[in-house]
1. What is the Cα centroid distance between the stretch 126-186 and the stretch 1-74, reported in whole angstrom?
2. Taking square-rooted eigenvalues a ≥ b ≥ c of the alpha carbon gyration tensor, is the stretch 8-124 rounded, prolate or oblate, where a/c under 1.5 means rounded and, failing that, a/b exceeding b/c means prolate?
3. Which residues among the stretch 108-149 fall inside the zone where the amide N is under 16 Å from a point 7 Å beyond the Cα of residue 163, along Cα→Cβ?
4. Apply the Kirkwood formula to the stretch 89-211: the hydrodynamic radius equals the inverse of the mean of 1/r over all pairs of different alpha-carbon atoms; give it in Å with one decimal.
5. Does the stretch 68-143 come out rounded, prolate or oblate, given a ≥ b ≥ c as the square roots of the eigenvalues of its C-alpha gyration tensor, rounded meaning a/c under 1.5 and, failing that, prolate meaning a/b above b/c?
6. Can you say what percent of the DSSP beta bridges in the chain, counting only those with both residues inside, are antiparallel? Round to 5.
7. Quick one: Debye curve from the alpha-carbon atoms of the chain only, equal weights, vacuum; give me log10 I(q)/I(0) at q = 0.09, 0.13, 0.16 Å⁻¹ to two decimals.
8. Report the equivalent ellipsoid semi-axes for the stretch 142-208 in whole Å, largest first, defined as the square roots of five times the eigenvalues of the gyration tensor built from alpha carbon atoms.
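Nothing in this text is a laboratory measurement; each read-out follows from the coordinates by a stated rule. Keep in mind that this is a model prediction, so the values were computed, not measured. Neighbour counts run over all protein chains shown; Cβ positions are idealised from the backbone, glycine included.
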Ligand code: GRF
């Protein structure tokens, strides 16, 4: 199969982006990251991309009249580079319905909980882990899923659980979950680029052989 052109959207540190960059550099993924776009100027993920000679753009929302205009620009940037798969790696903005239909079942997101727990509007980053600790659940984890019109409601590709210990802190839990995020995001993107992921009736089937 020919290599898949990947575009990544970030808003922050970019450790998930770094995990993808490292796997691609190790030739573990049949894909290449053509462009990274951040809505935050100071996102460290932009530096990570530049350090690996990947084109990185800060797209300032205040330069656009509306969310729709901003998303139209995102689509333009990605399409002009032939990008076929979008990865949201810590991207904190909502995508427009135009964007989602343009890349139907071609947008992969990583969420730091076992969806549907601790997901949906307002649940992102450390807020998720604090809610997990406050609720006192014994298991949490991360979820990789396709993005649909809802918030964290698209077809689930992969999930992995981590124990929540009695003496767990926000930092220790965040680190544990981030570790399985990196593992699963790399695995999911690899499977996608190998043509081994299909969606039927909003359910994901991971084929044992290439499609
Ligand atoms: C992490 O909590 C991740 O679950 C979420 O964004 C946060 C930052 O990730 N998707 P990263 O280090 O910027 O990749």
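1. One Cα centre to the other: 22 Å.
2. Here the stretch 8-124 falls in the rounded category.
3. Flagged as within label range: 137-141.
4. Every distinct Cα pair counted, the radius reaches 15.0 Å.
5. Working: a/c = 3.25, a/b = 2.51, b/c = 1.29.
It comes out prolate by the Cα gyration axes.
6. Details: 15 of 32 bridges.
Bridges in the chain that DSSP calls antiparallel: roughly 45 percent.
7. Values, matching the q order: -0.33, -0.71, -1.09.
8. The answer is 26, 14, 9 Å, longest axis first.
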